[in-house]
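Below you'll find the structure, written out as structure tokens, and then a few comments.
The values are calculated or read from the model by the stated rules, or taken from the named source; none is laboratory data. Note that the structure is predicted; figures quoted are calculated from it, not measured. Backbone-built Cβ (ideal geometry, glycine too); neighbour counts: all protein chains shown.
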Ligand code: AHR
């Protein structure tokens with residue numbers, strides 16, 4: 001076509017085409033130097049941040065199905081219903097439950113006394129955590145403490161019921177004594193039901209006392225009695241996480257000092273663990289969950305056990321004597337900090353101490369005589385200002401003088417920049433802090449723009465724990481945030497920058513970890529569950545791909561000698577795994593177009609056969625869900641190499657991993 005023959009519109013269309021052709025990216029040539037390790041990649045590089053937010057512990061990972069099992073919530077009958085009507089139209093006269101205080105029991109304070117006047121009429125129902133998920137033919141262990149002070153209650157009947165009251169399984173116990181006695185029975189479900197409840201009725205009349213009414217699936221993680229939800233732990237295990245940080249987050253600090261997380265109250269016999277209101281209970285007006293309490297059935301011993309089970313280093317974070325600065329910001333005076341510091345020292349003894357020590361003995365009594373081999377301890381969560389630095393110094397001195405090899409994690413506050421951040425870093429550097437925790441809840445664009453964040457960090461300064469991060473599709477703490485593919489892809493791009501800086505970045509974790517579909521307060525979250533099912537989001541898939549393909553040695557990957565950090569919407573990192581003799585190249589294309597890339601593999605020979613793993617989705621707004629849990633999931637295929645050149649067409653908006661064998 002000759003230019004002079006073009007109409008005005010034709011000329012316009014032609015110019016647009018020329019412009020597009022000129023801006024389209026030509027094939028990009030990258031180079032990986034296989035023979036030079038830049039830095040080791042720490043085994044802890046990709047880990048897990050666990051916090052009891054969004055019903056993650058009670059109502060989630062901790063498989064207990066009864067809410068308020070020991071009648072110790074602020075309202076002792078929260079979660080319990082006493083319907084007035086019954087099958088013979090007798091009503092409230094049929095019986096009544098009252099909460100009674102034990103004398104002299106500071107931790108297990110309350111039990112329930114039921115006066116049964118008419119056994120055909122009275123019933124007590126527990127609603128579970130937004131219902132109970134029961135599975136057809138699955139067995140459940142039911143425990144109860146009961147005493148029969150007067151009258152003649154012959155049988156206590158426990159039934160699963162659905163929302164219409166249909167019975168989906170039943171079991172009974174015969175209380176025998178006037179004194180407290182523990183009973184254990186099994187109940188099987190005749191049908192799968194997401195919103196089951198448990199109904200308790202009686203045969204006989206009189207007074208009956210009940211406490212610790214507890215129900216767990218038999219099929220828990222590792223088959224442990226009163227254990228964790230197997231399906232949820234499986235997702236964590238599959239990530240092969242390098243560490244498990246617990247128990248949070250702001251929950252460590254508490255809204256007030258009184259409500260801080262105190263690990264000593266979470267160990268020992270479960271029934272003696274003192275209940276505490278969950279600080280997320282009414283934190284957000286957009287998602288009030290007044291029935292959110294911490295029973296600590298999942299306590300520090302169980303966190304250590306979980307870390308061990310999933311092959312992760314335990315990373316407990318403790319209160320440093322400062323309540324959450326977004327709430328009351330209460331401070332323990334420096335001269336009264338001793339008990340807080342002692343908690344840290346005792347925790348190390350609990351984890352690692354010989355069984356002849358006070359806390360080591362408790363660990364052994366709980367079933368783990370071998371030490372947990374704790375290496376890390378965190379002091380404070382999102383604290384800021386001089387008050388934090390003053391307290392951190394006291395902790396550091398005490399911990400290091402007793403346990404010089406313990407690695408201490410400090411914090412730089414809630415924001416990844418600004419005055420608090422600058423001040424915290426300046427002071428922590430002066431103190432030669434070992435690992436500093438940074439948090440960022442930012443837009444997808446921020447994540448893409450910040451893939452170079454750590455390029456200029458001092459290699460001789462403190463190491464980095466990117467301890468809480470997640471791309472927010474709307475805004476931080478907005479209830480409208482979604483786990484979109486756009487967010488996950490932007491994180492994938494950003495993580496190339498974490499990995500490329502493995503010399504200084506030693507630990508990283510997405511946050512928050514998980515949420516109950518009906519009980520959440522904060523979104524986005526990496527894993528979503530309801531009472532029956534669980535799925536990993538696109539963000540989970542990104543985390544898992546990095547964690548399971550991290551390699552041991554960082555390699556350089558460059559374009560004309562320059563790191564690939566988002567030029568032409570392309571991000572890259574490369575590593576090798578010396579144990580498996582594998583080269584791992586990660587490429588993130590955040591453009592809406594296919595990008596052709598050639599990777600030149602220099603310095604060592606690689607086999608012509610490899611593997612390609614691709615994670616992508618058609619639309620940036622796509623998400624995984626309970627209905628389509630694998631919509632965004634990695635696809636694997638064989639990959640062929642021509643000589644030393646790996647040619648790959650990167651799909652639009654995709655995360656690609658090439659795995660090649662060293663020969
Ligand atoms: O992950 C949710 C919260 O975000 C954490 O508790 C806190 O540390 C951060 O502000």
- Taking the residues in segment 197-225 that are in contact with a helix residue (DSSP H, G or I) (Cβ under 7 Å, 6 or more places away or on another chain) and surrounded by fewer than 20 Cβ atoms within 10 Å (Cβ to Cβ) as candidates, determine which candidate is farthest from residue 536 (Cα to Cα). 212
- Of the residues that make up segment 263-280, is at least one buried (at least 22 other Cβ atoms within 10 Å of the Cβ), over 23 Å from residue 106 (Cα atoms) and at pLDDT 95 or above? yes
- Mind telling me which of the residues 591, 509 ends up being away from the ligand (no atom under 16 Å from the Cβ) and either farther than 19 Å from residue 231 by Cβ or surrounded by fewer than 24 Cβ atoms within 10 Å (Cβ to Cβ) (or both)? 591
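Quick grid of which residues meet (1) in contact (Cβ under 8 Å) with a residue 12 or more places away in the chain; (2) in a loop (DSSP other than H, G, I, E, B); (3) at negative phi:
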| residue | (1), (2), (3) |
| --- | --- |
| 36 | yes, yes, yes |
| 52 | yes, yes, yes |
| 71 | yes, yes, no |
| 93 | yes, no, yes |
| 97 | yes, no, yes |
| 106 | yes, yes, yes |
| 111 | yes, no, yes |
- So which residues in segment 436-470 are more than 16 Å from the ligand (Cβ to nearest atom), in contact with a strand residue (DSSP E or B) (Cβ under 7 Å, 6 or more places away or on another chain) and in contact (Cβ under 8 Å) with a residue 60 or more places away in the chain? 451, 452
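For residue 425, are the conditions met, namely being free of Cβ contacts under 8 Å to residues at least 60 places away in the same chain and either touching a helix residue (DSSP H, G or I) at 6+ places or on another chain (Cβ under 8 Å) or outside any helix (DSSP H, G or I) (or both)? Please lay out each step first, then the result.
Values: free of Cβ contacts under 8 Å to residues at least 60 places away in the same chain: yes; either touching a helix residue (DSSP H, G or I) at 6+ places or on another chain (Cβ under 8 Å) or outside any helix (DSSP H, G or I) (or both): no.
Considered against the rule, which asks whether it is free of Cβ contacts under 8 Å to residues at least 60 places away in the same chain and either touching a helix residue (DSSP H, G or I) at 6+ places or on another chain (Cβ under 8 Å) or outside any helix (DSSP H, G or I) (or both), residue 425 comes out as no.
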- Just one of the numbered conditions (1) over 21 Å from residue 491 (Cβ atoms); (2) surrounded by 14 or more Cβ atoms within 10 Å (Cβ to Cβ); (3) modelled with pLDDT of 95 or more is not true of residue 640; which one? (2)
- Query: Picking from 483, 530, which residue would you name as being within 16 Å of the ligand (Cβ to nearest atom) and touching a strand residue (DSSP E or B) at 6+ places or on another chain (Cβ under 9 Å)?
  - Reply: 483
- Message: For residue 347, only one of the following conditions fails: (1) closer than 22 Å to residue 410 by Cβ; (2) outside any loop (DSSP other than H, G, I, E, B); (3) within 16 Å of the ligand (Cβ to nearest atom). What is its number?
- Response: (3)
- Taking segment 249-276 only, how many residues are more than 20 Å from residue 305 (Cα to Cα), within 16 Å of the ligand (Cβ to nearest atom) and either free of Cβ contacts under 8 Å to residues at least 40 places away in the same chain or in contact with a strand residue (DSSP E or B) (Cβ under 6 Å, 6 or more places away or on another chain) (or both)? 1
- Message: Just to verify a result, which residue in segment 313-333, among those that are out of contact with any helix residue (DSSP H, G or I) (no Cβ under 8 Å at 6 or more places or on another chain) and away from the ligand (no atom under 15 Å from the Cβ), is farthest from residue 363 (Cα to Cα)?
- Response: 328
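Of these, 394, 379, which one is assigned by TED's automatic domain parsing to the domain that holds residue 267, within 16 Å of the ligand (Cβ to nearest atom) and farther than 23 Å from residue 472 by Cβ?
None of the other options fit; the residue is 379.
Right, residue 225: part of a helix (DSSP H, G or I) and either in the same structural domain as residue 52 (by TED's automatic domain parsing) or in contact (Cβ under 8 Å) with a residue 60 or more places away in the chain (or both) or not?
Values: part of a helix (DSSP H, G or I): no; either in the same structural domain as residue 52 (by TED's automatic domain parsing) or in contact (Cβ under 8 Å) with a residue 60 or more places away in the chain (or both): yes.
Taking the combined requirement at face value, the residue does not satisfy it.
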- Item | Residues (surrounded by 14 or more Cβ atoms within 10 Å (Cβ to Cβ), within 20 Å of residue 217 (Cβ to Cβ) and over 31 Å from the mean Cα position of the chain (by Cα)) located in segment 173-196 | 173, 183, 185, 190
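Go through segment 301-312 and give me each residue that's part of a helix (DSSP H, G or I) and either within 15 Å of the ligand (Cβ to nearest atom) or over 15 Å from the mean Cα position of the chain (by Cα) (or both).
We begin by selecting, within segment 301-312, every residue part of a helix (DSSP H, G or I); these are 301-309.
Across segment 301-312, the qualifying residues are 301, 305, 308, 309.
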